[in-house]
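Quick notes on the structure that follows.
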Amino acid sequence: MAVNMKGKDLVSVHDLTTEEVYQILRTAEYVKMMNKTGSRFQPLSGKTLGMIFTKPSTRTRISFEVAIYELGGYGLFLSANELQLRRGETIADTARVLSRYIHGIMIRTFDHKDVVELAHYATIPVINGLTDLLHPCQALADIFTIYEKKGRLDGIKLAYIGDGNNVAHSLMYAGAKVGMKVTVVTPEGYEPNPEVVNTAREDAAATGAEIILTNDPKEGVRDADVVYTDVWTSMGQEKEHDERVAALTPYQVNPSLLAHAKQDVIFMHCLPAHRGEEVVDEVIDSPRSVVWDEAENRLHVQKAILALVM
Ligand code: CP
Ligand code: NVA
């Protein structure tokens, strides 16, 4: 049964029902097929998506811009530096005004609370394109990729290794909705946010998913179907780079660590990768790596999200 998602925000995967998550995945499968066969699918003709960025981006910006264009709409890039936001106009007032001009907002910024506030005051859908806390579009594209590669999500063991950051948080939320076994492997002091862990565990209880934390890299990746990592120094943490490298080096994804996972393990990374830090060339460039398909799937999954909510 199709669920009506029109007008819905996507601030966190936690806010979606399992049915809504599967609806996004099914729609993504459809738009990807349409894309591959060169067929037109333009449900957003005449609609404008505003895209606010206060952090840099390659994938998110380009995939959203191409997605809205291919769906028949228009993408308006809004650098936060050039908006009156920078000169003190409130988020609430910005949300009210944008709601009178455009049909959806995608925002990438630092403080997660700003996105929650924007979504609260906007009368149009607000999509989170990454905050310090979460990266929901990434996690949805990731589980879509896992489904394509493994043919199922339920019971899949995903080991996320590295910094317990925004990407790890959204993967826990997404995995919890679809019955995955998500293990987050970090050094002490780099564990994911405890509130996110608790909420993901509550969601997991409803689907038979599991959310496990460990500080032991070999134990964490043992028998994993998917090994996933992300940068050790996220945007905004540049000053901590050296101490992070020192703490996280034992958590690098290299062939000797990957040997503890299943024989047919796939390697994933949201990108950008810092080669030689969280992952080595031998892994990211190997046949086990699905990172380019994963990046491509941002386009298809975000098209699905836009088509469903706008
Ligand atoms: N994975 C991802 O969101 O990449 P960008 O920072 O390039 O958008
Ligand atoms: N954790 C990274 C993800 C980049 C897509 C960051 O926030 O910089």
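No value in this document is a laboratory result; all are computed from the given coordinates. In this text, all values refer to a predicted model and were calculated from it rather than measured experimentally. Quick reminder, even Gly has a Cβ in these numbers, built from the backbone with ideal geometry, and neighbours come from all protein chains shown.
Some notes on this structure:
- Look at the Cα gyration tensor of segment 146-265: its axes a ≥ b ≥ c give a/c of at least 1.5 with a/b at or below b/c, and that counts as oblate.
- With Cα atoms, 0 to 90° folded angle of helix 194-207 axis to the chain main axis: 90 degrees
- Whole-Å semi-axes of the ellipsoid equivalent to segment 166-213 (Cα gyration tensor, √5λ, descending): 17, 10, 9
- Relative contact order for the chain: 20 percent, from Cα pairs under 8 Å spaced at least 6 residues apart, divided by residue count.
- Here segment 48-95 is described by how far its Cα atoms reach on the three principal axes: 34, 21, 14 Å, from widest to narrowest.
- Taking every Cα-Cα distance in segment 1-160 and sorting them into 5 Å bins starting at zero, the pair-distance distribution P(r) comes out as 2, 8, 16, 21, 21, 15, 9, 5, 2, 0 percent.
- Over the Cα atoms of the chain, the radius of gyration divided by the Kirkwood radius equals 0.96; this is the Rg/Rh ratio.
- Coarse-grained scattering of segment 241-310 at q = 0.15, 0.28 Å⁻¹, given as base-10 log I(q)/I(0) from a Debye sum over alpha-carbon atoms: -0.61, -1.24
- By the Stokes-Einstein formula, at 0.890 mPa s and 25 °C, segment 142-189 with its Kirkwood radius over alpha-carbon pairs has D equal to 223 µm²/s.
- Looking at segment 15-107, the trypsin sites (Lys or Arg not before Pro) that sit in a DSSP loop and have at most 11 other Cβ atoms within 10 Å of their own Cβ are ARG40.
- Averaging the sequence gap over all C-alpha pairs within less than 8 Å and six or more residues apart, then dividing by the number of residues, gives segment 19-87 a relative contact order of 34 percent.
- Relative to the longest principal axis of the Cα atoms of the chain, helix 166-177 runs at roughly 90 degrees.
- Karplus-based coupling profile of segment 278-286, in residue order and whole Hz: 5, 8, 9, 3, 4, 8, 5, 9, 8, with θ = phi - 60° in 6.51 cos²θ - 1.76 cosθ + 1.60 and x standing for Gly or Pro.
- Helix 59-70 axis, angle to the chain major axis (alpha carbon atoms, nearest 10°): 40 degrees
- Here, P(r) means the percent of Cα pairs in each 10 Å bin from 0 to the largest distance; for segment 81-219 it is 12, 35, 28, 18, 6, 0.
- Segment 1-73 - Debye-derived log10 I(q)/I(0), Cα point model, q = 0.11, 0.26 Å⁻¹: -0.34, -1.36
- Between TYR228 and ALA159, TYR160, ILE161, MET268, the built amide H atoms are under 5 Å apart, and every one of these is 5 or more places off in sequence or on another chain.
- Given charges at Cβ of Lys, Arg, Asp, Glu: the chain dipole, positive-most of HIS120, LEU71, ASN254: LEU71
- Within segment 183-277, trypsin sites (Lys or Arg not before Pro) in DSSP loop having at most 10 other beta-carbon neighbours inside 10 Å: none
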